[in-house]
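Just so it is clear, none of the values below were taken in a lab; they were calculated from the coordinates. Since this is a predicted model, take the numbers as computed values, not measurements. When we count neighbours, we look across all protein chains shown, and the Cβ atoms used for this are built from the backbone with ideal geometry, even at glycine.
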Amino acid sequence: MTNPPTSPCPPRIATWLVQLFAPADRAESILGDLHEEFSEIASKSRIFSARRWYRRQVVKTIFHLAGAAFRNTPWSLVGIVLLGFLLRRFGFELPERVIVAILRMQRPHSNLHYGRYVWLVTYGIPIVHVLMALLVGCVVALAAKGREMVATMSLALVLCALIGAALVHVARHGPLHVGWMLWSFVDPFATILGGVIVREIRSVLERRFSRA
């Protein structure tokens, strides 16, 4: 007895992106419509064509959802993004000050933990900066319930624009190190990651409450 052929599945990453951007009360219906059309196209043509169509529709859907979020509550989103920018602006120097204060508390001219001190200054401060960016992304996402990804990605775009302007300025006045240039964009990525974390946690909690 042969098993019946299984129906093709749409790309998982594309489906996950829709779940990130779509409101919780609309995500299931949006994905249901997309999956229905995907199955129909896959049955009439090659699965490759159906998946390519699905990815294009997901991109259009995400842009539509992001535009709708801005149209419905523009000033609220602007305020949340501004809050995130101010948190990052005033909290950016905090990790460095804390680490320097800890180092100053140690005995002066002591070489006992010199290697650790160098590691903290060289790597510890950048790592804590990334963690701060992740925390700011979480705060922004918590404030933008249902619009977590739109808010965090908007903040990330603002940060990327400022970083790009700073890189152009540095390039005009001296050599630009590729490693430092790439590391500069880790903070915006961490901000978006904070939005993903909050959105995923909220989705899990909403599913549990809906089943209860």
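Determine, from the Cβ-Cβ distance of Cys9 and Leu142 and an R0 of 35 Å, the FRET efficiency 1/(1 + (r/R0)^6), rounded to the nearest 0.05. If you can, show how the numbers build up before the last one.
Numbers: r = 32 Å, r/R0 = 0.92.
It comes out at approximately 0.60.
Between Ser76 and Phe209, what is the label-point separation in nm under the 7 Å Cα-to-beta-carbon projection?
That separation, rounded to one decimal, is 1.5 nm.
Give the calculated FRET efficiency between Ser39 and Leu182 to the nearest 0.05, with a Förster radius of 45 Å applied to their Cβ-Cβ distance. Please list the in-between numbers first.
Values: r = 41 Å, r/R0 = 0.91.
Using R0 = 45 Å, I get an efficiency of 0.65.
Spin-label point model (7 Å from Cα, Cβ direction): what's the Asp25 to Leu157 distance in nm?
Placing both labels 7 Å along Cα→Cβ, they lie 2.6 nm apart.
For the stretch 3-69, build the charge dipole from Cβ charges (+1 Lys, Arg; -1 Asp, Glu) around the Cα centre, then report which of Gly32, Ile47, Gly67 sits farthest towards its positive end.
My answer, from the dipole projection, is Ile47.
With the Cα gyration tensor of the stretch 33-85 in hand, give its eigenvalues times 5 under a square root as the equivalent ellipsoid semi-axes, listed largest first in whole angstrom.
Values: eigenvalues 252, 20, 8 Å².
They are 35, 10, 6 Å, listed largest first.
Any chance you could run the full-extension gain for Ala166 through Phe92? It's 0.36 nm times the residue separation minus the Cα-Cα distance, nm to one decimal.
Fully extending the segment from Ala166 to Phe92 adds 25.1 nm.
Can you compute 3J(HN,Hα) from phi for each residue in the stretch 141-151, using the Karplus curve 6.51 cos²θ - 1.76 cosθ + 1.60 with θ = phi - 60°, rounded to whole Hz and x for Gly and Pro?
5, 5, 6, 9, 4, x, 10, 4, 6, 5, 5
For a protection proxy built on the mean count of beta-carbon atoms within 10 angstrom, sort 65-75, 80-90, 184-194 highest first, please.
Details: 65-75: 13.4, 80-90: 17.4, 184-194: 20.4.
Put in order of decreasing packing, that is 184-194, 80-90, 65-75.
Between Trp16 and Ala68, what is the FRET efficiency for a Förster distance of 30 Å, r being their Cβ-Cβ separation, to the nearest 0.05? Working shown, then result.
Values: r = 20 Å, r/R0 = 0.66.
Using R0 = 30 Å, I get an efficiency of 0.95.
Determine the relative contact order of the stretch 10-56: mean sequence separation of Cα pairs under 8 Å and six or more apart, normalised by residue count, in whole percent.
47
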